[in-house]
Every structure is written in C-alpha cells, then in structure tokens.
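Shown next, in structure tokens, is the structure this report addresses.
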Amino acid sequence: MIVGGGMGGLAAALACARAGWEARVYEQAGAFSEVGAGIQLGPNSTRILTEWGLDGALARVAAFPARLRVRSALDGAELAQLRLGADFTTRYGDPYATVHRADLQALLLDAARDNGVLPRLGCRVTAVFPSEESVALRIESDGEAEGDALVGADGVWSDVRAQVWRDSAAASTGHLAYRGLVAQQDLPAALRSQEITVWLGPRMHLVAYPVRGGDQLNVVAIVQGATQERPQHWNHAGNRTDLDAEMGQLCASLRDLVHAMPGWRLWVLHARAPVASADEMVRGRVVLLGDAAHPMRPYFAQGAGMAIEDARELGHSLSAVSHGEIDVPMALRRYAFGRWQRCARVQDLSRRNGRIFHATGFARWGRDLSLRLLGERLLDQPWLYGR
C-alpha cells in the first residue's frame, strides 16, 4: 500500500508492480491536477526512467538544455557554465532533462496503470495500524484496507510519518520560493531561453529553464529573511511587489525577466536535518520515501531525483521477497540501508549550496572568483550522476 499519488508514490507503485507486487495507491486529492512547477532530472534520474522504458515518453514532454549558465544577479556577468546536452549524455550515458511536474506525474501515472496499478483518489488516510504480520489503514469515507507493507510517499507533511514515527514536523527554513511559468512565445526574444540559467545574488537566487519541449519557461526565485507570516501550503498566490522588495537590487535583464512573468505562486520552504540512520526511513513493515523521508532544500535540484532513486531501490528490495529470498521486514530494511546515507549527503549539500548561492560580502566575492576559476569542476557532480 502506498500513501500519496505524487511523483514518488507513482514511481514506487511502478517499481513495485515491476517487481511482481500488487501496488495500491491511496491519494487524498480527488483528481490529478496541473498544479505544479518545473523539475530538473539529472542522469541519475533519467537513467531509471530509461530502465523502466519511459525514455520515449520523457522525450515527448521534456526539454534537454544544452548548458547550465551561472550569472551574477547584480551585474549579469557570467560566472561559470556546465555543458549539458550531448556532452553530458556522452559522459554519463543518460541525458539531463527539465520537465513540468504535471507532465512527469502523468507519465508515471500512465506507466503505473499499464502495469496494473489503479490509484484510488479521494482517499485520505486517517490512521495507520502496523503489526508484525501486516499493516492496516483507516481511510476517511472508505473503511479500512490491509496489506503486507506500507510506503509513506505523502510528502513533507506526511501523515504516515506523523502517525508511525511521531516526530516533529518539518521546520521552516526562512526561505520563500516564488514560482512562475510563461509561454516562450509571450516573452521578448531577449528573454527566451533553451538553457538553464542560475542567477546568484545576496540572500537570493533565481533559476530559469525550459519545460514542455521548450515551449514554456519555468522560473523560480528564492529569497530569505522575510519576517511576515506565510502559509504552509506551497500553492499560494505570490505578490510581485513583495518579490521585488525581497530580491533587492537586480541587473536590468533579470529585472525584466521577473516583470515579464504573468503571475507567481508562493512556496514556503520546509526541510529536515539530514537523515541520521536507516531507522528514520523504516519501522517494521512501514517505510518512508521521497519528501516524507528526506525533505530537502531545492539548492541541489535533486528532490525528484532522490524520490525516483528511492522507488527503484524499493522495487529491487521487494523483488527479493517475490523470489523467496527474504521476508518483507528484511526487504524494507535493506531498502532503507541502501538509501539513507546517499539521501543524507544530498540533503547536506543542498543546505550548503543554499549558503553559497545566497552569500554576501567577502563570501560572495570568494564564491564568484571560485566559479570563474574552476567552472565545470565545481558544477559537475560525477559521484551523483555516474553509474
């Protein structure tokens, strides 16, 4: 049983079905919607989608930027670049892609259905009852359900985590993400782009990249230090006047891009400390996956990637049960032991990158000099993208 029908939950359902399991997905929303924003998928993610036979479907909806550029938000100067495109595919065997969240979700949903998964919508889980032999769920307005294992893939505000682990909620980071999406044809020619561009400024940064085959531009501006009360829910209307004030002084080209966006949605960033042990991801027949297990700041562009990796590892571990090699609790522990250290490393680097991206004073000067001198050697991550 999988609680949560987002990317992580659908990927887990697909991986488990491919491993010979009956996967049941319980999603509290009444419908899958277009709400969402852009996602970056490194070769560590696209490699898994290819393994699942989804490379063709991804190619129809994603963009494949030729390079990543890092620029100063203050004067627009280029600080460094990383070649993506064919160079990246040759180096790592799989491409770097950018995709709209709703398109990736739809792709995984279709694949899951093709493998016999029928997600149950409008199913809010109100209680979890784990035992040594099974796990039972109480579902609002739909009675109870029982299964051999439970996967909590219900995001940063995970009800499964709250009920089984009973730990505190994810903490606010004090950072706000403003997300916008615009058709490239509606932008002036100078603002259109088929590349990933990261703009770094004091206590802020902005990233822009193409999605939907390059037809749309996804823009995310992240600022820190705002003191007013903000909503928890990520899909909240953002105010451009607030964003202008929170970003401070910007170069003309970046200011033009911000003002060209037709609207903004506001997301309050929450995160947890890096995973400290496998026990934080598994308890008996219950495991956590994706943001439910290891919510992270978006400064390493690996939130979706870690969830997809989790799903693949979970499928591999459960396939050993199908083959009669180990029992379910041992398979789930194998999954957690195979994932927690890598996820913790990515969480830690995401937090570190946030400090570097938003540096001020001498730290900002040193960052910019390092980027100019080392370029790709700083931006590339062979340990992450390699096989």
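The values are calculated or read from the model by the stated rules, or taken from the named source; none is laboratory data. Every value quoted in this text rests on a predicted model; they were computed, and no experiment measured them. Glycine also receives a Cβ, built like all others from the backbone with ideal geometry; neighbour counts cover every protein chain displayed. Heavy atoms of the whole protein, side chains included, go into the accessibility calculation; ligands, DNA and RNA do not. Shrake-Rupley method; radii C 1.70, N 1.55, O 1.52, S 1.80 Å.
Which of the residues spanning the stretch 271-308 are assigned to a loop (DSSP other than H, G, I, E, B) and open to solvent by 20 Å² or more (accessible area, probe 1.4 Å)? Correct list: ARG272, ALA273, PRO274, ALA276, SER277, GLY284, ARG285, MET296, ARG297, PRO298, PHE300, ALA301.
If I ask for residues that are open to solvent by less than 20 Å² (accessible area, probe 1.4 Å) and assigned to a helix (DSSP H, G or I), which ones from the stretch 46-84 would you list? If the condition is that a residue be open to solvent by less than 20 Å² (accessible area, probe 1.4 Å) and assigned to a helix (DSSP H, G or I), then THR46, ILE48, LEU49, LEU58 are the ones that fit. Checked against (1) at pLDDT 95 or above; (2) open to solvent by less than 10 Å² (accessible area, probe 1.4 Å), SER193 passes all but a single condition, namely (2).
The lone criterion from (1) modelled with pLDDT under 95; (2) in contact with a Phe, Trp or Tyr (Cβ under 6 Å, 6 or more places away or on another chain) left unmet by PRO298 is number (2). Whether any residue in the stretch 155-164 is more than 15 Å from ALA271 (Cα to Cα) and either touching a His at 6+ places or on another chain (Cβ under 7 Å) or hydroxyl-bearing (Ser, Thr, Tyr) (or both) is what I want to check. No, the conditions are met nowhere in the stretch 155-164. Within the stretch 355-370, how many residues turn out to be out of contact with any helix residue (DSSP H, G or I) (no Cβ under 6 Å at 6 or more places or on another chain) and in a helix (DSSP H, G or I)? Of the residues in the stretch 355-370, 11 are out of contact with any helix residue (DSSP H, G or I) (no Cβ under 6 Å at 6 or more places or on another chain) and in a helix (DSSP H, G or I). When ALA363 is tested against (1) under 15 Å from ALA12 (Cα atoms); (2) free of Cβ contacts under 8 Å to residues at least 60 places away in the same chain, only condition (1) is not met.
ALA23 fulfils the conditions (1) closer than 19 Å to ALA307 by Cα; (2) in a helix (DSSP H, G or I); (3) among the aliphatic types (A, V, I, L, M) except for a single criterion, (2). Residue pairs whose Cβ atoms lie under 9 Å apart, sitting 6 or more positions apart in sequence or on different chains, and linking a residue in the stretch 60-86 that is closer than 21 Å to PRO43 by Cα to a partner that is assigned to a strand (DSSP E or B) and among the small types (Gly, Ala, Ser), are ALA62/ALA97; ALA63/ALA97; PHE64/ALA97; PRO65/ALA97; LEU68/ALA80; ARG69/ALA80; VAL70/ALA80.
Taken together, the residues in the stretch 155-189 that are in contact with a helix residue (DSSP H, G or I) (Cβ under 6 Å, 6 or more places away or on another chain), open to solvent by 20 Å² or more (accessible area, probe 1.4 Å) and not in a loop (DSSP other than H, G, I, E, B) amount to 0.
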